[in-house]
Amino acid sequence: MKIHEYQARQLLADAGVPVPNGQMVQSVDDAVSAAIQLFEAGATLLVVKAQVHAGGRGKAGFVKLVKSVEEAREAAQFMLSNRMVSVQTGAEGLEVNRLLVADGVDIDKEYYLALTVDRARNTNTLIASSEGGVEIEAVAESNPDAIHKVPLDPIRGLEAYQARELAFKLGFVGKQINQVVGIMLKLAKLFLNTDASLVEINPLIVTPSTEEHPDGQVLAIDAKFNFDDNALFRHKNISSLFDPSEENPAELRATEHGLSYVALDGNIGCLVNGAGLAMSTMDIIKLHGGEPANFLDVGGSASEEAVTEAFNIILSDDRVQGVLVNIFGGIMQCDKIARAIVSAAKTVGFKVPLVVRLEGTNVADARSILEEAKGDIPTMQTATDLGDAAQKVCAAVAVPA
């Protein structure tokens, strides 16, 4: 699960990590009110940022620095009345419903700081770089030596000496050292306590020297959190932060029925049981020149109603020009899938080619059910194996040989 930046900032602030003051708003009038409050509190520069689950906001014009209430109004008006299009959104862009209006800060130096799960090492890992404010993938490609990784002990977590050594490697000096060490330790604790899969601060910044802070202040001015969905039952406060408007409606619908669904860009819908078989099915469609429209795993114990809903979800995608059903019945019984196909044909109809490959438990009964239903499902073909099924569905949607 992902959350918005304003929510991530609040989690950081609650954990004692210093962040600039800010407010989430959902209208132009509220943005103006927030700007007035922040300017009256002493701010001389504000930042208005779109709150969407996508990167590239700055380049898309959805992060703006403003020096007056009127500029804040104009920025809010623009962001709330235009879709944000960036390299991560696709050409259709994203609707912006929330903004963060926050204190702007002078920046002397930017850093990158994150915690994630290193599956190669089987441990949580702290990742840091002195090259912040840019995509970490770009740093990894252009200057991999600038990225430092610290594996965390599964019992002790991040230890103070590790944080201090890393702070020196990153080039922090003077009173900056204790500040950033404190941030690292708090971030590591927050990562563990919330069952996060990713916590990222980019950038972590140092402000210019002032009389009050001769070594500057270390602040988190942007933050990103991802959480392990399987652990959300332990964190009601975290799960309440979920924003369904940022998710694909079909994927939400699938989740409600216990289905694993991910929308893709192709035109061949896939209904499969088992994640590995689903991946193989998509691969063989690609091998024959086709493009999968989705990943959909009905699992091993889905009900007939859930499988019928799976068909509804697939066929609700206007891009789908054909459907491939590939079931290897172990726990999942083939006759249940066959009855669901017949049920879906009655409720939503199959106006696109349907290719069905069934094997395993109760497959003879399933084939009999489908044979009897052929007159009601004229677009249906059966296949002898997965290769045959992929060839038939790709031919049916006119994929060039």
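For segment 249-396, what is the Kirkwood estimate of the hydrodynamic radius, computed as the reciprocal of the mean inverse distance between distinct Cα atoms, to one decimal in Å?
Computed over Cα pairs of segment 249-396, the Kirkwood hydrodynamic radius comes out at 14.6 Å.
So which lysines pass the test for LYS175, namely a Cα distance under 29 Å, with those fewer than 8 places away in the same chain ruled out?
LYS109, LYS149, LYS186, LYS189, LYS224
Taking amide H positions as placed in the peptide plane 1.01 Å from N, state which residues far from GLY104 in sequence (5 or more) or on other chains have amide H under 5 Å from it.
Residues meeting the criterion, in which the H sits 1.01 Å from N, are LEU45, LEU46, VAL47.
Can you give the translational diffusion coefficient of segment 134-276 in µm²/s, computed by Stokes-Einstein from the Kirkwood radius over Cα pairs at 37 °C and 0.692 mPa s?
Here the translational diffusion coefficient equals 174 µm²/s.
If I build a Gaussian network model for the chain, linking alpha-carbon pairs within less than 10 angstrom, which residue out of LYS374, LYS336, LYS67 has the largest mean-square fluctuation?
Largest GNM mean-square fluctuation: LYS374.
In whole Å, what three semi-axes, largest first, describe the equivalent ellipsoid of segment 291-339 built from its Cα gyration tensor (square root of 5 times each eigenvalue)?
Equivalent-ellipsoid dimensions as semi-axes: 20, 11, 9 Å.
Would you grab the residues whose amide H sits under 5 Å from the one on GLN381? Only those 5+ places off in sequence or on another chain, please, with H modelled 1.01 Å from N.
So GLN381 has HN proximity to LEU354, VAL355, VAL356.
When N counts the residues of the chain, how does its alpha-carbon radius of gyration compare numerically with 2.2 N^0.38 Å, as a ratio?
Taking N as the residue count of the chain, the ratio is 1.21.
Take the Cα of ASP365, step 7 Å along the line toward its Cβ, and report every residue of segment 261-301 whose backbone nitrogen sits under 16 Å from that point.
The answer is 301.
Please report the relative contact order for segment 21-104, taking Cα pairs under 8 Å with a sequence separation of at least 6, and give it as a percent rounded to a whole number.
It rounds to 44 percent for segment 21-104.
In percent, what relative contact order does the chain have, based on Cα pairs under 8 Å that are 6 or more apart in sequence?
12
For segment 201-234 and segment 128-185, what is the separation of their C-alpha centers, rounded to whole Å?
So the separation of the two Cα centres works out to 12 Å.
Amide H neighbours of GLN217 under 5 Å, at least 5 residues apart or on other chains, H built in the peptide plane: list them.
When sequence neighbours closer than 5 places are left aside, the close amide H contacts are THR207.
In whole angstrom, note down how far apart the Cα centers of segment 70-108 and segment 285-332 are.
Each part reduced to its Cα centre gives a spacing of 37 Å.
For the residue pair ASP153 and SER245, what label-to-label distance in nm results when each label sits 7 Å from Cα along the Cα-to-beta-carbon direction?
In this crude label model, ASP153 to SER245 measures out at 4.6 nm.
Around ASP145, under 14 Å between beta carbons, what's the net of Lys plus Arg minus Asp minus Glu among the other residues?
After counting each charged neighbour, the total is 0.
If I build a Gaussian network model for the chain, linking alpha-carbon pairs within less than 10 angstrom, which residue out of LEU287, LEU315, LEU185 has the largest mean-square fluctuation?
Looking only at LEU287, LEU315, LEU185, the largest GNM fluctuation is found for LEU287.
Each residue of segment 51-65 in order: what ³J(HN,Hα) in whole Hz does its phi give by Karplus 6.51 cos²θ - 1.76 cosθ + 1.60, θ = phi - 60°, with x for Gly and Pro?
10, 9, 8, 7, x, x, 5, x, 5, 7, x, 10, 9, 10, 8
Using the scaling law 2.2 N^0.38 Å as the reference, what is the normalised Cα Rg of segment 21-104?
1.03
Tell me, what is the percent relative contact order of segment 30-167, built from C-alpha pairs under 8 Å that lie six or more residues apart?
Taking the mean separation of contacting Cα pairs over the length of segment 30-167, I get 19 percent.
Bear in mind that the values in this text are calculations on the coordinates, not laboratory data. Just so we're clear, the structure is a prediction, and the values are computed from it rather than from any experiment. Using ideal geometry, Cβ is built from the backbone for each residue, glycine included, and neighbour counts are taken over all protein chains shown.
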